[in-house]
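**Q** Below you'll find the structure I mean.
Derivation of every value follows stated rules applied to the coordinates shown; laboratory data play no part. The structure presented is a predicted model; accordingly, all values stated were derived computationally and were not measured. Virtual Cβ from ideal backbone geometry, glycine too; neighbours counted across all protein chains shown.
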């Protein structure tokens, strides 16, 4: 799946691409059916919301769940990013974000690269997010909000917010968000939110400023996020645990396009539990 | 302004009516220009958000601010409700809700009549809300969400939520919300949110279940809410302070239609401050 010139230009300008219904309902069903069992696990890799028991984000399922291990090697997710970055990719982060009915909490305005730079010492923004909707996304279940073109601003100064939600995030000052939204067209076009059926996919630049509201609706909005990094741009510091920021920089090898509906072998290194080493971080003297 | 048969039927079925751009930009400007000064006041009638200093809701401005005293007598707001209830109305509650840029917090799913019944002993649901947008409302600044037809359910069991936000609210159980939304068409049509330019108006039934999300955008979403009650249906208990639930059951007399752009005299009984009696409540033995 190579991108067209028009898609490349649009990505350059807007910082994201939206592919409605890229995965079939059968493919989505294969993935979504696994989620309840993963979310039930009382493991550190399941971050729950501040209030209630709903899972906010599950990390690293591609290392212990076969359906997600296959998705992590899916050519529809990997190839367009290889095409954009013109390099082999490794998996920097793998998340199944809940944004569950009634309980899904806000994600404040942020750039993902802000965290990857500040916490993980990823040298440059040669990394991208690819999200797949496992549920239909509407205006009512907390869709992703983007500020189009905000990726061109590069790395924006951010503040480590440890209190608003259950998950620490490097968030951006409101005045700067207002400027970026005004620059992108204000109330008319300064915020966009791709919405569509389960199986839709979004690619977005790691410097694209985004947020999402809480989910007041009775409809889950589960999405999978692959954070793909150019191999030469691998992180230089292990401040965060390995189940959050991966340390295996081996290039991803894609499976065939039908990997979600046919049987293929995949490696599941954490199928018998997360290794102790995944909870270790770099020695304190390196974390200055 | 009398309602058409089609409007009356739609109100009966859906529980709300939407009138885009009913007030001109000049009329809106006259109102909205007054808001910052009202919100700045360090008075008990300004409820601020749980976090930060933004005003969540301002009460009773029609008793101390001339522009809002005129709005409280505006025939475009009062006449359609008189027409629906076929009776004289008094002002049960008057609010300027902030839902301010970045800071506006969620309003949980609730019916207004739930509070008016539980707290104020208003005998029946012969009361309505009329809201005017003082800012443009989009999907991104926390619009009102309605469950169409939910007013037909009558008074729904509710729980007094004293912790989620800064303002106590009788909120409805998630399972029942899910049922109501499913009955109204689920993800396709079970939630609606009227959006439009500043000056748009909504009339909604006091049993219509509604909510609104937080406001992550840099755009305020200030709205004025008139809660109009049939005079014979006046509240029977003064559990809440008078600036929240009014005790003057005098029928509202409308001003002419041009009252927001021309000079008219209005009574401003609280212009020199809120009287002490407005902070008093019924004796405890009546509040059982």
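**Q** Per residue, how much space in cubic angstrom lies within the convex hull of the C-alpha atoms of the stretch A:163-288?
**A** Roughly 223 Å³ of hull volume per residue.
**Q** Which three semi-axes in whole Å describe the equivalent ellipsoid of the stretch B:236-288, each the square root of 5 times a Cα gyration tensor eigenvalue, listed largest first?
**A** That gives 31, 14, 7 Å for the three semi-axes.
**Q** For the stretch B:61-114, how big is Rg over Rh, using alpha carbon atoms and the Kirkwood form of Rh?
**A** Details: Rg = 14.2 Å, Rh = 13.6 Å.
The Rg/Rh ratio comes out at 1.04.
**Q** In addition: Among A:185, A:149, A:15, which one shows the highest mean-square fluctuation when chain A is modelled as a Gaussian network with alpha-carbon springs under 10 Å?
**A** Result: A:185 has the largest fluctuation of those listed.
**Q** Based on alpha-carbon centroids, what's the gap between the stretch A:232-288 and the stretch A:52-97 in Å, whole number please?
**A** Comparing the Cα centres of the stretch A:232-288 and the stretch A:52-97, I get a distance of 10 Å.
**Q** Right, another one. What does the copy distance list look like for residue B:188, label position 7 Å along Cα→Cβ, in nm and ordered from shortest?
**A** So the distances to the same position in the other copies read 3.4 nm.
**Q** If you find the alpha carbon centre of the stretch A:183-229 and of the stretch B:109-186, how far apart are they in angstrom?
**A** Answer, in whole Å: 28.
**Q** Could you give the alpha-carbon Rg of the protein assembly as shown over 2.2 N^0.38 Å, rounded to two decimals?
**A** Details: Rg = 26.4 Å, N = 576, 2.2 N^0.38 = 24.6 Å.
Taking the Cα Rg and dividing by 2.2 N^0.38 Å, one obtains 1.07.
**Q** Sorted from largest down, what three extents in whole angstroms do the Cα atoms of chain B have along their principal axes?
**A** The principal-axis extents, from largest down, are 49, 48, 42 Å.
**Q** Using a label position 7 Å from Cα in the Cα→Cβ direction, what is the ascending list of nm distances from residue B:52 to the same site in the other copies?
**A** Spelled out, the distances from residue B:52's label point are 2.3 nm.
**Q** For the stretch B:108-202, what number results from the quotient of the Cα radius of gyration and 2.2 N^0.38 Å? Mind showing how you got there, number by number?
**A** Numbers: Rg = 14.3 Å, N = 95, 2.2 N^0.38 = 12.4 Å.
Ratio of Rg to 2.2 N^0.38 Å for the stretch B:108-202: 1.15.
**Q** Would you mind classifying the stretch A:203-267 by shape? Square roots of the alpha carbon gyration tensor eigenvalues, ordered a ≥ b ≥ c; an a/c under 1.5 is rounded, otherwise it is prolate if a/b is larger than b/c and oblate if not.
**A** Note, shape of the stretch A:203-267 comes out oblate.
**Q** Oh, and also: Would you mind ranking B:109, B:170 by Cβ crowding within 10 Å, fewest neighbours first?
**A** B:170, B:109
**Q** Another question, if that's okay. Using only C-alpha atoms and all pairs of different ones, pull out the Kirkwood radius for the stretch B:1-133 in Å with one decimal.
**A** After inverting the pairwise mean of 1/r, the radius is 16.7 Å.
**Q** Only helical DSSP H runs with n ≥ 4 go in: add -39500 (n - 2.57) per run for the protein assembly as shown, normalise by residue count and round the 222 nm mean residue ellipticity to 500 deg cm²/dmol.
**A** Mean residue ellipticity at 222 nm (helix-derived): -5500 deg cm²/dmol.
**Q** Which one, B:167, B:16, B:47, has the greatest fluctuation when you compute a Gaussian network model over chain B with C-alpha springs under 10 angstrom?
**A** Between B:167, B:16, B:47, it is B:167 that shows the largest mean-square fluctuation.
**Q** Can you tell me, using C-alpha contacts under 8 Å and at least 6 residues apart, the relative contact order of the stretch A:120-201 as a whole percent?
**A** Computed over the stretch A:120-201, the figure is 46 percent.
**Q** Mean 1/r over all different Cα pairs, inverted: what Kirkwood radius does the stretch A:27-82 give, in Å?
**A** Mean inverse Cα-Cα distance, inverted, gives 12.5 Å.
**Q** Separate question: Pairs of alpha-carbon atoms within less than 8 angstrom and 6+ residues apart define the contacts here; what relative contact order does chain A have, in percent?
**A** 32 percent
**Q** For chain B, modelled as a Gaussian network with Cα springs under 10 Å, which listed residue fluctuates most, B:93, B:25, B:179?
**A** Result: B:179 has the largest fluctuation of those listed.
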